[in-house]
Amino acid sequence: MTDARRARILVLISGGGSNLQALIDAATAGAPFVISAVVSNRSDAFGLERARRAGIPSAVLDHRDYGERADYDAALATLIESFTPDLVTLAGFMRILTPHFVAGYSGRMLNIHPSLLPKFRGLQTHRRVLEARESEHGASVHFVTAELDGGPVVVQARVAVRPEDDAETLAARVLAREHVIYPLAVRWFAEGRLRLNADGVPWLDGAPLHAPVLIDSPYPSTSP
Ligand code: GRF
C-alpha cells in the first residue's frame with residue numbers, strides 16, 4: 001500500500017514513547033497506516049528521539065507557555081490539524097484535555113490506559129491494583145470522550161497478577177500487552193473496520209461492540 005493511501009496517525013506523547021515505538025514498528029512492518037507526526041508537551045520526552053530515529057516529523061508544544069488550559073488546547077488543535085491526521089492517538093500524553101478539544105476529535109481520537117476499564121481510571125493504576133488485591137489487571141484502548149478514561153472501550157488485554165508482583169513488574173507485563181493491542185486497534189481504524197457510532201457505541205466489522213474485544217496473553221500465568 002502506498003503512503004498516499006495509508007491512514008495518517010498523529011501520536012501525542014509526554015514521555016518514553018514505548019507505545020509510540022510499537023506503532024512505528026507496526027507501520028514499518030506494513031500495517032496500513034503511517035505515523036505522520038509526533039507531538040509532545042515536553043521537550044525532554046524520549047519519544048521525540050524515537051520519532052527522529054524513524055524520520056517522523058515532530059513538534060513540542062509546552063503547556064507551561066499557556067496560562068489557560070483552553071488556550072493550550074486551541075494551539076494544540078491548530079498544530080495537530082497542520083499535519084492533517086485521520087486519527088489522533090494519545091500514547092502516554094499526560095494532559096487532561098478540555099471537553100471542547102475532545103469534542104473536535106469525536107470518533108477520531110484513541111487512548112491507551114493501563115487498566116481494565118472501567119476499573120482504575122486515572123493514575124498509579126498498578127499500585128492501586130496491587131493494593132486492591134486484584135487477581136487480574138490489564139490495558140484498554142478506548143475512544144476519547146470528555147470523561148477522563150471514560151470513553152467506550154474497544155479492546156483490552158488481560159494480565160494475571162502474580163503473588164510476587166510489585167508495581168514495576170506488573171507495569172512491565174501490562175506495557176508489553178499495550179504494545180500488542182494499541183497497534184491492533186489503530187490497524188482496525190485504518191482499515192475502516194472500527195468506527196464510533198453517533199450514539200457513542202463503537203462498531204467493529206459492521207457490528208456494534210457491546211463489550212470490548214478481549215485479547216488474552218497466550219500464556220497468561222507464566223509470561224508476558
Ligand atoms: C502507558 O502505560 C500508557 O498506558 C499510559 O502511559 C504509559 C505510556 O508509556 N497512558 P509509553 O510512554 O508509551 O512508554
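The values are calculated or read from the model by the stated rules, or taken from the named source; none is laboratory data. If you're wondering where the values come from, they're calculated on a predicted model, not measured in any experiment. Cβ coordinates were reconstructed from backbone atoms using ideal geometry, including for glycine residues, and neighbour counts include every protein chain displayed. Protein only, heavy atoms only, side chains kept; ligands, DNA and RNA dropped before computing areas. Shrake-Rupley method; radii C 1.70, N 1.55, O 1.52, S 1.80 Å.
Computed extension gain for Ala198 through Ala103, at 0.36 nm per residue and net of the alpha carbon distance, reaches 33.0 nm.
Using a Förster distance of 25 angstrom, determine the FRET efficiency expected from the C-beta separation of Val180 and Arg128, and round it to 0.05.
Numbers: r = 23 Å, r/R0 = 0.91.
It comes to 0.65.
Once the cut-off is 25 Å, how many percent of the Cα-Cα pairs in segment 92-224 end up in the long-distance tail? Present the calculation step by step, with values, prior to reporting the outcome.
Details: 2223 of 8778 pairs.
Pairs farther apart than 25 Å: 25 percent.
Summarise the accessible area of the chain (1.4 Å probe, protein heavy atoms) by the percent that is carbon and sulfur.
Values: 5680 of 10660 Å².
That fraction is 53 percent.
In terms of overall dimensions, segment 1-92 has a Cα radius of gyration and Dmax of 13.0, 43 angstrom. Stretching the chain fully between Arg53 and Glu68 yields a gain of 2.1 nm (0.36 nm per residue, less the alpha carbon separation).
Just from its helices, what would the mean residue ellipticity at 222 nm be for the chain, if runs of 4 or more DSSP H residues each count -39500 (n - 2.57) and the sum is divided by every residue, rounded to the nearest 500 deg cm²/dmol?
On the way: 6 runs with 70 residues, N = 224.
Taking each H run of at least 4 residues, the total per residue is -9500 deg cm²/dmol.
Taking the longest Cα principal axis of the chain as reference, the axis of helix 69-81 is set at about 70 degrees. One equal scatterer on each Cα of the chain, no solvent, Debye formula: the resulting log10 I(q)/I(0) at q = 0.09, 0.10, 0.13 Å⁻¹ is -0.35, -0.43, -0.74.
Given the Cα-Cα distance of Ser82 and Glu147 and 0.36 nm per residue of separation, how much length would full extension add, in nm?
20.8 nm
The antiparallel fraction among DSSP beta bridges confined to the chain stands at about 45%. Computed log10 I(q)/I(0) for segment 125-189 at 0.11, 0.14, 0.19 Å⁻¹: -0.28, -0.44, -0.76, from the Debye equation with unit scatterers placed on every C-alpha and solvent omitted.
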